[in-house]
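S.K.: If you scroll down you'll find the structure; I have some questions about it.
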Amino acid sequence: MEDLSRFKQTYFDESAELLAVAESGLLRLTPGEVDSDEVNAIFRAVHSIKGGGGAFGFTELVAFAHEFETVMDGVRNNSIPVTTELVDTLIRANDVLGQMLAYAREEAAAPPGTTDDTVAALRRHLAGGPAEVTASEPTPTVQPAAYPDDEDDEAGIFGDAMAAIDAARTEAETGIGAPVPEGKLRWTITFRPKPDLLLSGNEPTFMLRALRRLGDATIDCDLRSLPPLPALEAELLYLSWTVTLVADPDVDQEKINDVFEFVADECDIRISVEAPPPAVVAPPAIQASTDPVPVSATPPVPAATPKPPDVARAEPAKPRPNAGNSGGEHAGLTSHTIRVDLDKIDRLVNMVGEMVITQAMIAEHVRDLPPGEFQELLEGLEQLAQHTRELRESVMSIRAQPVSSVFSRMPRLVRECAAATGKEVQLVTSGETTEVDKTVVENLVDPLTHMIRNSIDHGLEGPEERERIGKPRAGTVHLSAQHRSGRIVIEITDDGRGINRPKVLSKAIEKGLVQPGASLSDEEIDNLIFLPGFSTADQVSNLSGRGVGMDVVRRNISSLGGRIGVYSAPGEGSRFVLSLPLTLAVLDGMVISVGEERFVLPLTNIVESLRPKAADLHGLVGKCDVMMARGEYVRLVYLHQLFGIPKAVTDPTRALVVLVETEDGARLGLVVDEVLGQQQVVIKSLEANFRRLDGVAAATILGDGRVALILDVAGLREMSRHYESGYSRPPGPAPAALPAPALEPV
Amino acid sequence: MTTSTALTTIGSTRTDVMSVNASEEQYVTFTVGSEEYGVNILSVREIRGWTPESRLPNLPDYVRGVINLRGIIIPIFDLRARFGGGATQVTKRHVVVVIQVGERTRGILVDAISDILAIGHDSIKPPPDVDSGMIDAEYLSGLYTADDRMVTLLNVERLFSVEAGEAADAAAARVPLALEKAH
């Protein structure tokens, strides 16, 4: 049973991907210009979800997917016109399908009526479509000569091939164009395997035989690709076949597809059907490979045949998915990928992290060896360091995912926002293939959603206003991603009105965020929008403007170790720039020491470090110390005070001041004893076995195997405020007895 | 090997032990000063020599800090300090008992490992009525007399669980065995 649940997991994973494929396809579906590839892709996605669901017995889901699929099929064979309403219905159907999957995943029954409205809407479109198939009167005719049934034929492909040539000749003599006999259907199946079909253990003979069992088969072998003997690779398959199958009406496309079930991805299959009476001669023995329409007809309405319709043919207008087409398309997309449980990768990432630490440890010990004596050892270690670095990069890249999984959700959002605001919006995306850690990708959805909404709601003007000021009616939102110096940079640019600085400033003053009369630079004003509780929307719309906007975005981004900035030009638009680390597993940090403790400061927070002169230091109303650094007063924060660390250097002129900047641009001077050096560290959770601590972002293990805390600059700033508000208060609970002996290495 | 076999047996028949009261459970005992404490061997993941910790800021003295246990970071608690004896002046001979409760791992700094005792369920006495200001009664699950020593059995699920940031409810869900029996 456990096995089944594993398959279920795969099914749900795949279904999620398929839903996304269907959705992006649906969003590209424009009335009037239907791309049959798109339509096929959507159809296949829905069909695959249905098929898998059937295997697991999700009856409700299958029933709904069936309705959806039926309409998609109508779209595919042009019997249902593509209209905006239809696209809306289909998008809704896709959502409902997603819900059904979610219920199935939870092993819960969907509430009754979940699908009713959508099913009704789907059926309306189905009913509104023109009649699909006109019944044709069967005419009794002579059956064409068929290849003689020879079940014992062991001659293999060539036997069949030769026989097929014979058959073709016979055919030519008897006339393939003979009308289809009464009550029969004539299928033309072109089976073009890929040359390496045999390598996967498949045997075309069996398939041809299986077809023969379905009815009277005329098999024609195409030898045109056969190279001259010296060039012939014995393991490759150069043949393709065209089979004309005259079969009873109960043989439907599904049965034919079943024959090729295991090779669907490794061949090109085209299937067409012809009902009696054909006015024109049937297809030639060899079909051109450029055959434009893979499925040229749907099976006829059963009522038209003399036999009473049986159960299997109760739904004649729904041929099975076109295996040939999917095979053909997949041919170009075949990628050698495997699905791996994320836990396994994380274990690998952890192990590599350990290796990095061990390697750093060895390097530390080796440093003390007398030079010259251990040349080979040192060289070997140097190589090991190199390999470790490469290994780490490769492992990290396993977790990397293209941002397209986030970007692809945005067209839908833009569509909805545009509809809600009455604006015309065009979304342009670029750099979708840029890769970044999976966790980063997943956490990008909310901030990007919010920012794009903001751009449309606040940034872009309405179409009339845009026309009046000489801009194109439709506003453009450009979403881009790129790698830049070890980080991923995501930009959201709009060509709207830009940030209204006077309005932002007056709002900020009104809300008490800025002192009246303060003179702020343009950039500073723009950045006010990131302050908590700031919202400029005059009216709260349901899109954005509840005042929980950009500050939440900034918090989300900074929790990922990223930063956000805004650049705006009035009347020309705004550009939001997000810069994020490529991985959450390692961090570039500066190792610092305070007393006997070492800490890691994220490099992104560090502006510079300096040793102040006494003249640069001032007391500010007896509350705190400030320092003049590059023409600016910066508040000093003593880490030893905040953390209650004994034996630290307390005099700033003898210590070092590391100038740090929080994500919201506030600067602090962090007083530490020493800066030990820059290092890439592996981020370890403190909360897995302990809990969160103020001023601490996470922990890491240094080269000597000891734990060092990674500092959270914004948290330190917060702590220092509390500390200064109760200036005389000792730092935290009474410090423990000094653990002096404990800190000496054993 | 004998120990591991014993562990398996105990582990698999634990429910029976509890309901029948016939069998025994093994306890690792250790000393802090002159006192001897015991924890159920099933929760002890390993016992390791003292390695220097990295201190955590602004925490009471019984939170010694964190150490690197083969790549995971675990907190170390000082049992002496917790029971009001002041912070332990560690030497190389001090040991850390690494305890695993559920998914979480923590270390307890003690003076020395003393013994492994098989303790019959019936021979565990409930802890006496003590001033809760002096001893954290919820840490204790019972008392046991080994020869003429008294061993205080500790409830590992509660031991430092609140300090380690776990939800107090989850830890409180299990009533100590001895107390349950006393009623």
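Laboratory data are not the source of any read-out in this text; all were calculated from the coordinates shown. This is a predicted model, so every value here is computed, not measured. As a convention, Cβ positions derive from the backbone with ideal geometry for all residues, glycine included, and neighbour counts pool all protein chains shown.
S.K.: Residues with beta-carbon under 12 Å from that of B:Pro57, excluding B:Pro57: net charge, scoring Lys, Arg +1 and Asp, Glu -1?
M.R.: Numbers: positive: B:Arg55; negative: A:Glu597, A:Asp694, A:Asp712.
Result for the neighbourhood of B:Pro57: -2.
S.K.: List the residues, sorted by chain then number, that are 5 or more residues from A:Asp220 or on another chain and whose placed amide H is less than 5 Å from its amide H.
M.R.: Placed amide hydrogens put A:Thr242, A:Val243, A:Thr244 under 5 Å from A:Asp220.
S.K.: Count charges around B:Gly85 for me, please; just the other residues with Cβ under 11 Å from its Cβ, Lys/Arg as +1, Asp/Glu as -1.
M.R.: Cβ neighbours under 11 Å give a net charge of -2.
S.K.: Can you give the translational diffusion coefficient of the range A:1-69 in µm²/s, computed by Stokes-Einstein from the Kirkwood radius over Cα pairs at 10 °C and 1.306 mPa s?
M.R.: Estimated via Stokes-Einstein, D reaches 125 µm²/s.
S.K.: Residues with amide H under 5 Å of A:Thr476's amide H, sequence separation 5 or more or different chain, H placed in the peptide plane at 1.01 Å from N; which?
M.R.: Under 5 Å from the amide H of A:Thr476: A:Gln426, A:Asp495.
S.K.: Can you give me the three principal axis dimensions of the range A:342-401 from its C-alpha atoms, in Å, biggest first?
M.R.: Principal-axis extents of the range A:342-401 (Cα, largest first): 45, 15, 12 Å.
S.K.: What are the ³J(HN,Hα) values, in whole Hz, obtained from phi via the Karplus relation 6.51 cos²θ - 1.76 cosθ + 1.60 with θ = phi - 60°, for each residue of the range A:489-497 in sequence order, with x given for Gly and Pro?
M.R.: Here the 3J(HN,Hα) series is 10, 10, 10, 10, 10, 10, 9, x, 8 Hz.
S.K.: Still on this structure, please answer the following. What is the average number of partner chain Cβ atoms found within 10 Å of a Cβ in B:94-106?
M.R.: Numbers: counts 2, 0, 0, 0, 0, 0, 1, 0, 0, 2, 4, 3, 2.
Mean inter-chain Cβ contacts per residue within 10 Å come to 1.
S.K.: Taking only the C-alpha atoms, wrap a convex hull around the range A:559-701 and report its volume per residue in Å³ as a whole number.
M.R.: Normalising the Cα hull of the range A:559-701 by residue number yields 152 Å³.
S.K.: Further question: Viscosity 1.002 mPa s, temperature 20 °C: what is the translational diffusion coefficient of the range B:33-108 from Stokes-Einstein with a Kirkwood Rh over Cα pairs, rounded to a whole number of µm²/s?
M.R.: Values: Rh = 13.0 Å.
Estimated diffusion coefficient is 165 µm²/s.
S.K.: Continuing with this model, one more query. In peptide A:683-692, how many Cβ atoms from other protein chains are near each Cβ within 10 Å, on average?
M.R.: Mean partner-chain Cβ count within 10 Å for A:683-692: 6.
S.K.: Once phi is turned into ³J(HN,Hα) by the Karplus curve 6.51 cos²θ - 1.76 cosθ + 1.60 with θ = phi - 60°, what whole-Hz value does each residue of the range A:463-472 show in order, with x for glycine and proline?
M.R.: So the J values, rounded to whole Hz, are x, 5, 4, 4, 4, 4, 9, x, 9, x.
S.K.: What order do you get for A:684-691, A:217-224 when each peptide is scored by the mean count of other beta carbon atoms within 10 Å, highest first?
M.R.: Top of the packing list down: A:217-224, A:684-691.
S.K.: Nearest 20 debye, what's the magnitude of the dipole of the range A:2-128 about its Cα centre given +1 on Lys and Arg Cβ and -1 on Asp and Glu Cβ?
M.R.: Its charge dipole is roughly 220 debye.
S.K.: Provide the net charge surrounding B:Leu117, with neighbours chosen by a C-beta distance below 13 Å and charges set as Lys +1, Arg +1, Asp -1, Glu -1.
M.R.: Within the 13 Å Cβ shell, the charges total -4.
S.K.: Enumerate the calculated ³J(HN,Hα) couplings along the range A:208-217 in order (Karplus 6.51 cos²θ - 1.76 cosθ + 1.60, θ = phi - 60°), each rounded to whole Hz, writing x wherever the residue is Gly or Pro.
M.R.: Result, rounded to whole Hz: 5, 5, 4, 5, 4, 5, 7, x, 8, 9.
S.K.: For the range A:2-128, what value does the Rg/Rh ratio take when both radii are computed over Cα atoms and Rh is the Kirkwood radius, given to two decimals?
M.R.: Taking Rh as the inverse mean 1/r over Cα pairs, Rg/Rh reads 0.97.
S.K.: Right, here's the next one. Taking H placed 1.01 Å from N in the peptide plane, check which residues at least 5 places from A:Tyr638 or on another chain put their amide H under 5 Å from its amide H.
M.R.: Residues meeting the amide H criterion: A:Val671.
S.K.: Also: If you count, for each residue, the other Cβ atoms within 10 Å and average over each peptide, how do A:428-435, A:251-258, A:376-383 line up from highest to lowest?
M.R.: A:251-258, A:428-435, A:376-383
S.K.: If each of A:Glu60 and A:Leu4 carries a label point 7 Å out from its Cα toward its Cβ, how far apart are those two points in nm?
M.R.: The answer from the label model is 1.9 nm.
S.K.: Let's test the formula: R0 of 35 Å, r as the Cβ-Cβ distance of A:Val428 and A:Leu531. What FRET efficiency results, to the nearest 0.05?
M.R.: Working from the Cβ atoms, E equals 0.70.
S.K.: While we're here: Per-residue Cβ counts within 10 Å, from other chains only, averaged over B:71-78: what number is that?
M.R.: Shielding by partners across B:71-78 averages 5.
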